[in-house]
Amino acid sequence: MLIKLENITKEYHNDDIATPVLKNINLSVREGEFLAIMGPSGSGKSTLMHIMGFLDRPTAGEYFFEGENTTNFTDDELARIRNERVGFVFQSFNLLPRTTVLNNVKLPLVYTHGKNIHGLAEKAIAAVGLGHRADYFTNQISGGEKQRVAIARALVNTPSVIFADEPTGNLDSKSGGAVMHILQELHRQGHTIILVTHEMDTAEHAERLIKIKDGMIMDDQPITARRIAEPDGAINK
Amino acid sequence: MQFFLNELKTVLRGLRARKGRSALTILGIVIGVAGVITIISLGAGAQSLILGQITKLGSNLLAIMPGKSNEDGPPAAAYGITITTLTREDAEALRDQIRFPHIMGVSGSVTGTATLLWRNLNVDTFFEAVEADSFSARNIEIASGEFINPTNINANVLVLGQDVKELLFGENDPIGELVKIKNIPFTVIGVAKPRGNVFFNNEDDKVYIPINIGQKQILGINYLQMIGIKVDAAANLESTITDIEQLLRERHNITNPEDDDFAVMNLADAVSLLTTITDALKMFLTLMAGIALLVGGIGIMNIMLVTVAERTREIGLRKAVGATNRSVRNQFLLEAGTLTFLGGIIGIIAGVVISYLVSLGARYAGLDWDFIISPISIILAVGVSILTGVLFGLYPAFKAAKLDPIEALRYE
Ligand SMILES: Nc1ncnc2c1ncn2[C@@H]1O[C@H](COP(=O)(O)OP(=O)(O)OP(=O)(O)O)[C@@H](O)[C@H]1O
Ligand SMILES: [Mg+2]
């Protein structure tokens with residue numbers, strides 16, 4: 001089992017008033033799965049993703065990642081997991097300004113102390129079909145291309161799992177479709193992908209759908225009528 | 001190392017993207033470092049100037065002046081009061097080798113202004129009328145001819161200073177020529193070597209004549225204005241001063257030192273006093289430069305805090321892709337250190353240029369000024385500037401390192 005959440009709870013404390021955001025979440029994700037999480041705004045989707053992606057810690061519960069209990073990991077150990085085993089794609093791209101596509105994709109490798117940084121970055125950029133944009137600055141490319149750069153950055157360290165939090169939220173349907181195509185392609189190559197989205201259409205690109213409401217999992221079903229996205233962004237059912 | 005180089009590249013790229021602000025940020029450091037370099041260089045230049053003057057004067061010299069040296073104010077002579085009690089007999093008594101075994105030379109002298117006439121040329125200058133053995137007692141060196149000595153002490157002879165010689169005779173040999181002061185004819189017997197400025201007096205704009213003629217024929221006085229003494233070794237200076245004071249009190253019938261009508265001065269003392277003053281000045285100016293560095297450091301901290309706030313999202317992102325707290329902290333420390341290092345380098349260049357210009361100016365003004373840049377001052381300046389950067393970069397860097405990745409990514 002790649003991911004196993006046991007009774008995960010998250011509360012925020014403001015002025016001594018505890019606001020529960022996640023309540024007793026139990027969830028397992030196998031290697032190679034393509035999982036979509038849906039739910040109304042404020043239901044706790046992003047919070048759950050951040051905890052699974054080691055950007056945040058749960059208030060209570062246990063988190064097993066690749067068989068290891070990560071509950072008591074130090075900040076440095078979590079940084080290492082984020083660097084080597086997890087890739088994150090955000091709704092708002094989060095690319096470095098005044099920096100080239102290539103240097104953006106290299107960023108995680110800077111903290112890996114590895115060799116062949118350049119080659120790995122170029123390979124990842126090619127995988128999202130942006131080889132011709134490698135030396136462009138991030139303010140010189142379109143939104144859809146920005147999100148593909150973000151995917152290349154998430155991919156560059158060959159992580160165990162890629163988290164994408166509303167990756168198409170800021171895109172039109174065509175460039176959104178192109179992004180979904182890349183995610184499906186990565187899944188086909190064996191990557192584990194966890195996707196958060198508002199739209200049923202987008203969620204149906206996955207294999208399994210989880211619905212959450214008020215911090216609780218309400219539904220967990222396989223997707224029967226899967227959508228397939230084309231490289232140009234067109235969507236077939 | 002690879003990581004460090006990558007980081008340095010990132011930092012430099014970032015700084016270049018914010019040129020204007022980076023320049024303003026390091027201005028304080030530039031001024032501080034330039035200040036330190038300049039002050040240390042000027043201090044060294046001034047001290048070598050003073051030391052050079054001492055060696056010109058000769059070491060182990062004492063000067064006896066008429067009038068009591070008054071610790072509460074200037075000597076009587078400064079008020080125009082003429083004291084006539086110091087005489088050639090006093091100077092003669094000091095030549096007693098039995099009583100004063102450490103005295104190597106004694107030279108009584110008087111000085112005045114004189115118009116020197118040669119053919120139809122004349123030049124306004126100063127004369128110094130000296131006793132026969134002043135050559136050794138005063139460290140005067142001869143460029144050509146001879147100096148005033150026991151064989152010509154009563155003759156109408158004259159030794160030219162370099163500047164006077166050049167004014168009247170140019171490149172020609174003046175030896176044997178006849179010049180006049182107040183209608184008294186003198187034969188030129190020698191030219192002194194250039195001495196330059198000593199305590200802001202041009203020692204080359206003067207002529208030397210025998211004491212008798214200066215006293216009796218030109219000034220019409222029979223007292224001395226100064227007795228120069230050369231002592232054999234520095235260790236004997238203090239005891240010789242005491243011995244001289246004792247002798248002069250005997251001769252002038254003084255029982256209470258309060259009533260002294262003379263003062264024995266140690267030139268080394270004057271010099272060490274000057275050195276103390278320049279040292280104190282240097283300390284003060286260095287302190288000012290230090291304050292400039294401190295202000296520069298606070299400027300760095302201020303800008304770094306702004307930078308950290310502006311780049312909160314970037315910090316969040318870096319943490320999200322695996323930057324540890326330590327690497328975020330190091331990045332900002334490196335950035336502050338790089339900024340101040342650059343500031344230090346620019347400051348050093350500015351300081352060296354300023355010091356060089358000052359030395360040029362001083363030489364132009366006729367001072368024997370050396371252009372000295374001590375390596376220590378450069379090491380000090382670079383070290384202090386980097387230290388300032390790291391020190392004042394610490395707080396912003398720790399602030400950046402502590403940021404929560406999710407909060408930082410959400411920051412607008
Ligand atoms: N730092 C915080 N302090 C207090 N409450 C917070 C904090 N962060 C999130 N919350 C609350 O937690 C709840 C869940 O937030 P979350 O971002 O996970 O929702 P979401 O399902 O991703 O919503 P959306 O679809 O709008 O992105 C929200 O009610 C939000 O207000
Ligand atoms: Mg969300």
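No lab work stands behind these numbers, since they all come straight from the coordinates. Remember, it's a predicted structure, so these values are computed and weren't measured experimentally. Glycine also receives a Cβ, built like all others from the backbone with ideal geometry; neighbour counts cover every protein chain displayed.
Miscellaneous remarks
- DSSP H segments from chain B that extend 18 Å or more along their own axis, Cα-based, with Kyte-Doolittle mean of -0.5 or above: B:2-17, B:19-57, B:267-310, B:325-364, B:375-402
- On the basis of the beta-carbon distance and an R0 of 41 Å, residue A:72 and residue B:399 show a calculated FRET efficiency of 0.95.
- Pairwise centroid distance, computed over Cα atoms, of region B:140-192 with region B:108-127, Å: 11
- Per residue of peptide B:402-412, the mean number of Cβ atoms on other chains within 10 Å of the residue Cβ is 3.
- Estimated FRET transfer efficiency when R0 is 41 angstrom, pair residue A:173-residue B:407 (beta carbons, to 0.05): 0.80
- Total formal charge among the other residues, if their Cβ is under 10 angstrom from that of residue B:317, Lys/Arg +1 and Asp/Glu -1: +4
- Cleavage-rule hits (chymotrypsin sites (Phe, Trp or Tyr not before Pro)) in region B:305-394: DSSP loop, at most 12 neighbouring Cβ within 10 angstrom: none
- The mean count of C-beta atoms from other chains within 10 Å of the C-beta of residues in A:111-122, rounded to a whole number, is 2.
- In this simple spin-label model, placing a label point 7 Å from the Cα along the Cα-to-Cβ direction at both residue B:48 and residue B:365 gives a separation of 1.8 nm.
- Each Lys or Arg adds one and each Asp or Glu takes one away; over the other residues whose Cβ falls under 14 Å from the Cβ of residue A:187, this sums to 0.
- Cα-based Lys pair tally, region A:1-139, threshold under 26 Å, eight or more apart or on separate chains: 8
- Among the residues of A:80-89, the average count of other protein chain beta-carbon atoms within 10 Å of the residue beta-carbon is 3.
- 14 Å beta-carbon shell around residue B:144, net charge (K/R +1, D/E -1): -4
- Point-to-point label distance, residue A:137-residue B:121, nm (Cα→Cβ direction, 7 Å offset): 7.2
- Lys pairs, region B:84-260 - Cα-Cα below 17 angstrom, 8 or more residues apart or on other chains: 8
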